[in-house]
Structure formats: C-alpha cells, structure tokens
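Asks: Quick one: structure below, then a few questions.
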Amino acid sequence: MTVQLDENKIQKLIEEQEKILNDNTQKSKQMFESADHLSNGVASAYQARDPWPIYIDRGSGAKIWDVDGNEYYDFHNGYGSMVQGHGHPAIGKALAERWPKGSHFGAATEDDIVVSNILAERFGLEKWRFTNSGSEATMDAIRIARAYTGRDTIMKIFGSYHGHHDAVMVSIGVAWDDIGPRDHYKQLPYGGGIPESTVELTIPVPFNDAEAMEARIIELDKEGRKPACVIMEAAMMNLGVVLPEPGYLEAVREITKKHGVVLIFDEVKTGLCVAAGGATERFGVTPDMVTLAKALGGGLPAGGIGGTAEVMSVVEDHTVNQVGTYSGNPLSMAAARASLEQVLTPDAYKHLDHLNDRILKGCSEVIAKYDIAAYTVGIGSKGCVTFSDAKIVDYESYAEHQSGGITDLAWLWNMNHGIFMTPGREEEWTLSVVHDDAAIDAYVNALDSLLAEVTK
C-alpha cells in the first residue's frame, strides 16, 4: 500500500528547512534590504522569493555559487536557458572574438545567416527571423499567423504559458473550480492589465485531446471566428513535464491542416534542449511555425521564429513588419553559432539522454523504495518528479491531483542539500551538457534523504 504522507509533519519540516535556508543566505538578505529602487528586489517576478530572493554571484560548468558562498549543482539553469553549462569556453571564445569587432549595429551580420541555416536544417522549416526573447517570438509568430490567414482569433492549450504578452496571458494557472466545462473552458486573464477584448480572442482547449480541439475549431468556424493558429507546446513544460499521448500530435497536425489553421509549436523550453531539432525532431511532427528562445543564445538574450516559406511569405513581402532593434544582435548570434556548431553536437545530445535516463531511473528507484505516490518523467535535458497519485495528462488532471506541501519542501530540501532548482510544482529540472554522473548522484541522493525523512 502506498505510504500516505503526513501533511503536519511536512509543514513542520518546511519551517525547519526555511530557517536553515534563511540562516545560510544572510548576505542575500542584506542585498535585498539595499535594493531600494528595484521593485521587490528582483528584475522579474519569477525571481522573487519570500522573505528574500537568493542572489547569485557566479557559475562555472554545472555549478553556481550564491553571494553567501553556498555551492550548488545547477538544475535550474536559468529556466532551462543554460543547457550549455556556465562559462562554456567555446561560447566565451566566440564572444571575446566578436566584442572588439562591435557589439551592436542594428544591421545584419554573417552569423545571422549561418544560424538560420543550421536551424532550418535542424527543424525542417525554411525561413527564420530572430527576436530577443521567447515572448517576442510567440508574439510575432501569432501576428504572422494572423496576417497569413486574415483571422484574429487564436487557440491555445489551457494551462500553457507562452510568454508575457497580452494575447497569451490567458487561461494559464487558475483555481481548479474556475476553469469551466472541458468543451468550453473559460477565457481567464493571467493577472491585471490585460484587456478583456484581447482575452476574448484567445480560446483555450485541453492538452492531449485532439477531438476536443477539432470540435472547438468547427464550432468557432460556424460562428465566423475560426482561429488563425493553434499555439502549443508539443510537450507541456509548465505542469512539471506532460508528454503528448501516442498519436496526439499527429492528430493535431492533421486537424490544423484540414481546417487551414496555422500550427505553432512553442519550443522556447524544448527547442535545442530535448533534441537537436527540439520537440519537432523528438516527436517527428513538423508544425507550420516554431518559436525558440532560452537555450538559443547560449546565455545571451535571443529568440527565433521558424516557419514554412508559405507562412513566412507575409514577412518577406512586408505584410508583417517583424522588427526589433536588438534582433540578431551580433553578440547573441555569435554565441548562438558557437553553441550550435561546437557545443550542442550529436555527442552532447547522447550525453543528455544518458544523464536523463540515469536521473529518471535513480529517482524512480527511490520512489519505489519509499513507496510514495509519485513518478518521474522527462526527455533530453528536461524532467521532473511529479508528486501525484495519478498520471498528469492535462491541466484538469494537474489541478485535480494536488501534491500537498511535499513540492515546497522538496525545493527547500534541495537548496539546503546543494541542488539549485526552480521552485514550484509547475517547474522541472534542466540538465546541461557539462553535468556528469556525480551531479545526477547528488540529485538522487537528495531525493532519497528527503523521502527517508518524510516517511520515517
């Protein structure tokens, strides 16, 4: 019989681990208290923490150090951006060579062409443009799809995050009893400042349910507001990791083609991280458009949009003004080129698969050892332990099967045992090409000691 975790005990452990982390991060506290003019002491809401954020001093390879000198194996990796590891010499050399030649022109450079050629080969999409972030990439991709189809409505997966522009800040994370019926999920803004008129143009549908998607497309078509596009992650990466069920992506590809809806794979998290050609390669389904960011720039801000020649024709004929002062910035493109040519190689992806297989196996064995309600899931550099008594396949199942306090405790426990992780049940671990078996052992051992404590 599965061991039932004692929530009272978990809450007590959370208090103990919070005190340990706070005691060990007093310089972070002092830095936070000096941040008079930085809102909440951070550059982004995702960096905030109560009572203070953890400020990072440096990183090297698979490790980082905070301002207090605490050393961690980095399984956060800048929300998955640093799959190359910190301070990779090949990327550093490219930046050092680029810098004295000029860091920004607002004009094209050779590296733009080289990087686009590599991405076209990897993802099987002919035309590319560059941006500075994932949010810009998804925003521009949606605009391109709207111009190409002449339609305004868009469709997304309920619970998915696609950046912080208004069109996609809809129906992301909400209370379980607020989402509405499965065939007509509610259109709910994710925070303030999002116009209701924009919210009304974004239609959410469930993941892993192609029939529900097609039924909604048909219904919207009858109402005269067929979607311009479906924007989705091929594998959901903000409910932990939720993989597509067999045949689901193939069905989505067929449905969108049949109804003339542009299919956009948001590969900001999966692109270059789960395979050389991202989820597009991994699952063998090619969309009309792909959006990239995070890992693309090798640690520098960079995003990309890839598309078929047909869809991207509205960019080439200047129907869509896809612009950005820093798009294709020489430093970012030099880093991207070095990363693609010298770091994210076939051998690197073999190594990532080895590491992920090893961490999945190790964590699964620990879960079985303590017989708790949890399972592991992952691909390439991405994965997680999901604390649930049922398989998570979409937002409904994610919201229905809560994990209790174990997720919060796991983050604190990891931090206090030398494992730097993204906080929250919705996040996952990210490996880098410079992680090794010792790093994996450290992660698995931390999980073992956690479960030993909560089950004794």
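Asks: About the Cα centre of region 364-456, how large is the charge dipole given +1 on each Lys and Arg Cβ and -1 on each Asp and Glu Cβ? Please answer in debye to the nearest 20.
Replies: Numbers: 5 positive and 15 negative charges, 21 e Å.
The calculation lands at about 100 debye.
Asks: With the other protein chains left in place, how much accessible area per residue, in square angstrom, belongs to region 88-341 at a 1.4 angstrom probe?
Replies: 38
Asks: Run the quick spin-label model on K19 and D36: label points 7 Å from Cα toward the beta carbon, then report their separation in nm to one decimal.
Replies: Here the modelled spin labels are 3.4 nm apart.
Asks: Classify region 42-127 as rounded, prolate or oblate from the Cα gyration tensor: take a ≥ b ≥ c as the square roots of its eigenvalues, call it rounded if a/c is under 1.5, otherwise prolate when a/b beats b/c and oblate if not.
Replies: Judged from the Cα gyration tensor, region 42-127 comes out prolate (a/c at least 1.5, a/b above b/c).
Asks: Okay, moving on. Nearest 5 is fine: what % of DSSP beta bridges in the chain come out antiparallel, could you say?
Replies: Within the chain, antiparallel bridges account for around 60 percent of the total.
Asks: What residues have an amide H closer than 5 Å to that of R225, excluding those fewer than 5 places away on the same chain, when H is modeled at 1.01 Å from N in the peptide plane?
Replies: Residues meeting the amide H criterion: none.
Asks: Compute the distance in nm between two label points, each set 7 Å from the Cα along the Cα-to-Cβ direction, one at E245 and one at D183.
Replies: My value for the distance between the label points is 1.7 nm.
Asks: Right, next: Which percent of Cα pairs goes in each bin when the distances of region 88-341 are cut into 10 angstrom slices starting at zero?
Replies: Percent of Cα pairs in each bin: 8, 32, 35, 18, 6, 1.
Asks: Hey, what do the phi angles of region 9-23 turn into as Karplus ³J(HN,Hα) couplings, whole Hz, using 6.51/-1.76/1.60 and θ = phi - 60°, x for Gly and Pro?
Replies: Karplus values, whole Hz, x for Gly and Pro: 5, 4, 5, 5, 5, 4, 4, 5, 6, 4, 5, 4, 5, 5, 4.
Asks: So what is the relative contact order of region 98-202, in percent, for Cα pairs below 8 Å that sit 6 or more residues apart?
Replies: Relative contact order comes out at 19 percent.
Asks: I've got another one for you. According to a simple spin-label model (label point 7 Å from Cα along Cα-to-Cβ), what is the distance in nm between H104 and K391?
Replies: It is 4.8 nm.
Asks: Let me ask something else about it. Near K9, which aspartates and glutamates are there with a Cα under 20 Å away, not counting those fewer than 8 places off in the same chain?
Replies: By straight Cα distance, K9 reaches E18, D371, D389, D408, D448, E453.
Asks: Find the accessible area per residue for region 16-72; the probe is 1.4 Å, ligands and nucleic acids are left out, and the unit is Å².
Replies: 62
Asks: Mind checking which of H351, T386, I406 is farthest towards the positive end of the chain's charge dipole, using Cβ charges of +1 (Lys, Arg) and -1 (Asp, Glu) about the Cα centre?
Replies: H351
Asks: Cα gyration tensor of the chain, axes a ≥ b ≥ c as square roots of the eigenvalues: rounded (a/c below 1.5), prolate (a/b > b/c) or oblate?
Replies: oblate
Asks: Quote the relative contact order of the chain in percent (integer), defining contacts as alpha-carbon pairs under 8 Å separated by 6+ residues.
Replies: Computed over the chain, the figure is 24 percent.
Asks: What residues have an amide H closer than 5 Å to that of K63, excluding those fewer than 5 places away on the same chain, when H is modeled at 1.01 Å from N in the peptide plane?
Replies: Residues meeting the amide H criterion: D74, H86.
Asks: Mind listing the phi-derived Karplus ³J(HN,Hα) values for region 323-335, rounded to whole Hz, using 6.51, -1.76 and 1.60 with θ = phi - 60°, and x for any glycine or proline?
Replies: Karplus-based 3J(HN,Hα) across region 323-335 equals 9, x, 4, 9, 4, x, 3, x, 5, 4, 6, 5, 5 Hz.
Asks: What part of the accessible area of the chain, given as a whole %, is carbon or sulfur when the probe is 1.4 angstrom?
Replies: Numbers: 9520 of 19040 Å².
The computed percentage sits at 50.
Asks: Right, another one. Residue by residue through region 185-202, which ³J(HN,Hα) values in whole Hz follow from phi under the Karplus form 6.51 cos²θ - 1.76 cosθ + 1.60 (θ = phi - 60°), with glycine and proline marked x?
Replies: Result, ordered by residue: 4, 6, 9, 10, x, 9, x, x, x, 9, x, 4, 5, 6, 4, 5, 8, 10 Hz.
Asks: Only four residue types carry charge here, +1 at the Cβ of Lys and Arg and -1 at the Cβ of Asp and Glu. Report the dipole size of the chain about the Cα centre in Debye, rounded to the nearest 20.
Replies: The dipole magnitude comes to about 760 debye.
Asks: Sticking with this structure for a sec: How big is the gap, in Å, between the Cα center of region 36-74 and the Cα center of region 436-456?
Replies: The distance from the Cα centre of region 36-74 to that of region 436-456 comes to 23 Å.
Asks: Using +1 at the Cβ of each Lys and Arg and -1 at the Cβ of each Asp and Glu in region 88-341, identify which of A120, V261, P244 lies farthest towards the dipole's positive end.
Replies: A120
The values are calculated or read from the model by the stated rules, or taken from the named source; none is laboratory data. Quick caveat: nothing in here was measured; it's all calculated off a predicted structure. We place every Cβ from the backbone using ideal geometry, glycine too, and count neighbours over all the protein chains shown. The accessibility values were calculated without ligands, DNA or RNA, using every heavy atom of the protein model including side chains. Shrake-Rupley method; radii C 1.70, N 1.55, O 1.52, S 1.80 Å.
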